[in-house]
Structure formats: structure tokens, C-alpha cells
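Chemist: Questions regarding the structure given below will be posed in turn.
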Amino acid sequence: SDFGASPRLSAYGSKDVEKMKQYMEVPSNLREAVEEYRQMAQMLADDFLSRGKNPQAEAFIEQVCVEKILEGCLFVGHVKTDLDSVAGAIGAAYLWRGVATRAEREFNGEIAYALKFAGIEPPPFFDDVPGAVTPDASGKLLGVCLVDHNEEKQMTEALRKDPQKNKRICGLIDHHCLSESFSSEKPVFMDIRPWGSMSTIVAHSFIRSNRPMPKHIARILLSAILSDTLNLQSVTTTTADQMVVTLLSIIGEVDNVEHLARNMFRAKTEWIVNLGAYEMTRGDQKDFTCCGWKIGIAVLEVTDPAPVLDVADQLLLELRILKIEKGKQAAGTHDRRKELDFSYMFVVDVTEQKSVLLICGGRELALAKVAFPGCELRIAKPGLNAPGEIISVDQTLMDVGPLVSRKAQFVPAFFQALSDGFKCHKHPMSDLSEEMAKQEPADEVFKAMQKMSTMSYHNSVQVVRDYTEINQAFKRQNTAATRA
């Protein structure tokens, strides 16, 4: 009978259960743990593959009662697309017989490498799929399952602007905290777990449903978990990620997982560095609010920080520009209350598992000193000019040591500092009056920034910008402030 006990279930004895509990309670060396997990993962893989055509009772219920909710819908990740959001959409669409899409037309070198490794074509851009923006052949708009995000501002633009989005969203699969802004007009399927990668959740769903997982799906999910957990070395890594990586490496027939991770990160590094400072500061950048202060944090995960720091002068300029750019409104107006108070970039060395922080101004320096006390400061690039009136050139880069996670380490450190009553020579931009906020800046820097934006263009590889005038404007501003 389909509901009978699997003959392989007897392979898991009480000692195995106790052993697994010990692994969950006492962290062990990563390599040793993965080797230990391999034995158990092999048993799980054999059992999983043997039961794919004959689901157990719990899997039968999952297939009949749960899978129908997401069947035929569109699966889409977030803007500023990363590998986890693409791989998760592909895996989920295969499992629930839907359509995988991506949130943006462009994607980075790591995603391209992983897709090629798995032998999968890139999923179509969301807007290009019938039923996504315009009705399909049957005259309907399809339901949408969000993957790897739940904040409205992270949704692909067409969905974000769709007045019917709260009716269309039928599912959410994520490993981030639930946003206060998330809502729906009807009950939705939700699977949110505190794991290191959303693709771990999708892989777990395959196992729970006893659905056969082909090699190419195992490989793309494996690649995504390695990416989001920095090869299982990030502080966000959980036992679930370690176990699932081991399981997927078996199903995907990947003998050297570390070699795969290194190649992915290398591809991502080369792609990012070739794009230039504009893309590097905006490619993986997120904004946060705490105690009225707004912080922008960009993260670059690279195998070699040297090519990034070679353009540190441009990166510091772009970070300063980005602070002001955030005040630009859709209607073409400017609201200074929307500007960032702090703009940072962490350059994470994924090989050495350490990071440095680029500091673009006096406010950033003041907060960084409180958030990361005792960390060494030095010049970001030889020949650099001071980016502000109260910051010297030898304070433009901070070595934060073995910290590598924005979610688990960078953001909490800043939030703790701000929550403890942080004060500096500036007040939060959000404190500006309505009248002051609506007054478009008339200073030389703002005008130079506007002119540069107008003259910037894309050469099909990167955004080309001339920093000459804005660099000079910043210098004159700093000189005037110092004299005053």
C-alpha cells in the first residue's frame, strides 16, 4: 500500500536520532560535520530516491492538499537579483509545476556560472511571461509566489505597481523576517524558516513531498545555498543548510563542493569588478532605519579585494552620491528626509573570511567607531583625498576582521550603536521640517551630481561617469567647511 511504512525507515535507529540531536546541539568543525552528515545524507538520499514514486502518508497529504495551492503560479525573486532568488524560483516552479521567472533582465556572473554548471537556461524576465503583466491566452493574470523576499520595495517593479498584487500573491517562501508591510487579501501558502538560504527550504519541500529531484535541480539549489551561506561559513548557516548541502551534492553528483563554491565566487567577483563603481555600490545595497537614522549598506563578496580597492576613490564618491540620490522622488521632486544619513560598503573576502569597511564621511566614521570599537583604520587607496572635512585619508577604510554577514553582524552592530543613544555633529535627515525637506539642495555638489547623472550613459557593459566636476565640488565644499 502507498500508505505502508517504508522498509528503509528501519535504517534509522535510536542511536542515529540521538547522534543527530548531538550535532544540532554541539557545533563541530565544518568539514568534520559535513563528512559525518554525508553518511546520514547518503541514507536519506537512497531512501528519498526509492520512495519518489510511492509517497508515504505525510507526503501524499502534501501532494494532494498543499501542492495544488501553488500549481501553475509564477515564482519570482527580488530585485537586485541574487543566485538564491533565481535558483529558488527554478526549484519551486519545478516542484509545484509553475513558471520560474526572474525579477530583472540582467544578472551577475555567479548566477550565469551556476546556471551553466547546472545545465539550465535562465528563467524568463517576469514581465515577458504571459499572465504576468498582461493576461495570458485564457485572458487571466496568474497567481504569484514570492521567493526569497517579502518586502514590497524588493518586488519586481511590475508586480510592485500592480494594484491587484495583494489578490494575486498566493504564496511566500523565504528565510528573512516577515516585513511589517507584507499583507494579502486572502490566505496564502507560507513557508518561512530561519535557515541560511531559501533554497534550503525548497530542497526540504522536495523531501517532504517525496517528489523526485533531478540532477540539474539539485545542482542549482546546491549552488544557491553555497552562495547565500558563503560555502557554509557564514554565521547564518544552520544545521539544515549543512545537511541539505551534503544531500544535494549526492543527488547532484558533485564530488568537490568547495571547488564549486570557489568558482562561483570568482565568477561573481570578475563580473562585479568589471562593471565599475556605480554598480558595485548599488548591486547589493540595502537601506535600514533605526531610531530615526537611515543607513545604507552595500556588500561586495569577492575572492580578491584588491581590484575593488583599486577604485576606492570612485567607490567613496559613489557612496556619498548615493546618500543624496535616495531623496529623489518618482515625480522628479526631491525630499531630503529620504536621503541616507550613513552610506557604507563592506568588502567581504570570502576566501579569508574577513571584511573591510569603506568610510565615505565624518558621520560614517563616527558611527563605525562606536559600532566596531578598536578596529584598525587606514587609507583605502594611496593618493586618496579626504572625503570630508572631519575625516582624514587614513580613516577611509576600517578592518572589521572576521565579520562577514550583513544580516547577522553588520546591521546588528550599527543598530546597537544607534539604539544606545548615538550622537554626532549631524541630526537625522528625517528630523527636517516639511519646508526644509522640500527645498531642493542648491549647493555646488548637488548641481554637479545632477549634471553628472545627466551625462552618464551605459556602454552595454557598465555605467560610464565622469567624476571630475563632482570630485572638485566635494573638495571645494570640504575646504570651505574646514576654513569656517
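The values are calculated or read from the model by the stated rules, or taken from the named source; none is laboratory data. Computed from a predicted model, the values in this text were never measured in an experiment. When we count neighbours, we look across all protein chains shown, and the Cβ atoms used for this are built from the backbone with ideal geometry, even at glycine. Note: areas computed on protein heavy atoms with side chains; ligands, DNA, RNA excluded. Shrake-Rupley method; radii C 1.70, N 1.55, O 1.52, S 1.80 Å.
Chemist: Is it true that A366 is out of contact with any Asp or Glu (no Cβ under 6 Å at 6 or more places or on another chain) and open to solvent by 10 Å² or more (accessible area, probe 1.4 Å)?
Modeler: yes
Chemist: Shifting gears a bit: Give me the residue from the stretch 271-290 that is of a type in the set (V, I, T) and either part of a helix (DSSP H, G or I) or touching a Pro at 6+ places or on another chain (Cβ under 6 Å) (or both) and, out of that set, most open to solvent (accessible area, probe 1.4 Å).
Modeler: First pass over the stretch 271-290, keeping only residues of a type in the set (V, I, T): 272-273, 281, 289.
If we keep only those that are either part of a helix (DSSP H, G or I) or touching a Pro at 6+ places or on another chain (Cβ under 6 Å) (or both) too, we end up with 272-273, 281.
Numbers: I272: 20, V273: 37, T281: 0 Å².
The qualifying residue most open to solvent (accessible area, probe 1.4 Å) is V273.
Chemist: Tell me the helices (runs of 4 or more DSSP H) entirely within the stretch 108-179 that contain at least 1 residues that are buried (at least 17 other Cβ atoms within 10 Å of the Cβ), without any contact (Cβ under 8 Å) to a residue 24 or more places away in the chain and aliphatic (A, V, I, L, M).
Modeler: Hits in the stretch 108-179: none.
Chemist: Just checking, does the stretch 241-249 include any residue being in contact (Cβ under 8 Å) with a residue 24 or more places away in the chain, surrounded by fewer than 20 Cβ atoms within 10 Å (Cβ to Cβ) and either in a helix (DSSP H, G or I) or of a type in the set (A, V, I, L, M) (or both)? Show your work before the answer.
Modeler: Let us first name the residues in the stretch 241-249 that are in contact (Cβ under 8 Å) with a residue 24 or more places away in the chain, namely 241-249.
Now narrow it down to the ones that are surrounded by fewer than 20 Cβ atoms within 10 Å (Cβ to Cβ): none.
Scanning the stretch 241-249 turns up no residue that is in contact (Cβ under 8 Å) with a residue 24 or more places away in the chain, surrounded by fewer than 20 Cβ atoms within 10 Å (Cβ to Cβ) and either in a helix (DSSP H, G or I) or of a type in the set (A, V, I, L, M) (or both).
Chemist: Right, another one. Scan the stretch 433-456 for residues that are more than 19 Å from Q477 (Cα to Cα) and crowded, with 16+ Cβ neighbours inside 10 Å and report the count.
Modeler: Number of matching residues: 1.
Chemist: Here is a list: S419, S392. Which entry is hydroxyl-bearing (S, T, Y) and touching a residue at least 12 places away in the same chain (Cβ under 8 Å)?
Modeler: Working: S392 fails: touching a residue at least 12 places away in the same chain (Cβ under 8 Å).
Just a single option satisfies the conditions, and that option is S419.
Chemist: Which count do you get for residues in the stretch 319-350 that are in contact with a helix residue (DSSP H, G or I) (Cβ under 9 Å, 6 or more places away or on another chain) and either over 26 Å from D394 (Cα atoms) or at pLDDT below 85 (or both)?
Modeler: Residues that pass the stated criteria total 12.
Chemist: Next question. If I ask for residues that are without any contact (Cβ under 8 Å) to a residue 60 or more places away in the chain and in contact with a strand residue (DSSP E or B) (Cβ under 9 Å, 6 or more places away or on another chain), which ones from the stretch 299-314 would you list?
Modeler: Listed by number, the residues that qualify are L300, V302, T303, D304, P305, V308.
Chemist: Anything in the stretch 90-115 that is within 18 Å of I225 (Cβ to Cβ) and of a type in the set (K, R)? List them, or say none.
Modeler: none
Chemist: In addition: Restricting to the stretch 196-226, name every residue that is in a helix (DSSP H, G or I) and open to solvent by 10 Å² or more (accessible area, probe 1.4 Å).
Modeler: Scanning the stretch 196-226 gives H204, I207, R208, K215, H216, R219.
Chemist: Is it true that some residue in the stretch 312-321 is out of contact with any His (no Cβ under 6 Å at 6 or more places or on another chain), under 23 Å from L115 (Cβ atoms), open to solvent by 30 Å² or more (accessible area, probe 1.4 Å) and not small (G, A, S)?
Modeler: Within the stretch 312-321, not a single residue is out of contact with any His (no Cβ under 6 Å at 6 or more places or on another chain), under 23 Å from L115 (Cβ atoms), open to solvent by 30 Å² or more (accessible area, probe 1.4 Å) and not small (G, A, S).
Chemist: Having 1 or more residues that are under 13 Å from I295 (Cα atoms) and within 20 Å of the chain's Cα centre (by Cα) is the bar; report the helices (runs of 4 or more DSSP H) wholly within the stretch 306-381 that clear it.
Modeler: Values: elements: 306-309, 312-325, 362-371.
In the stretch 306-381, the matching helices (runs of 4 or more DSSP H) lie at 312-325.
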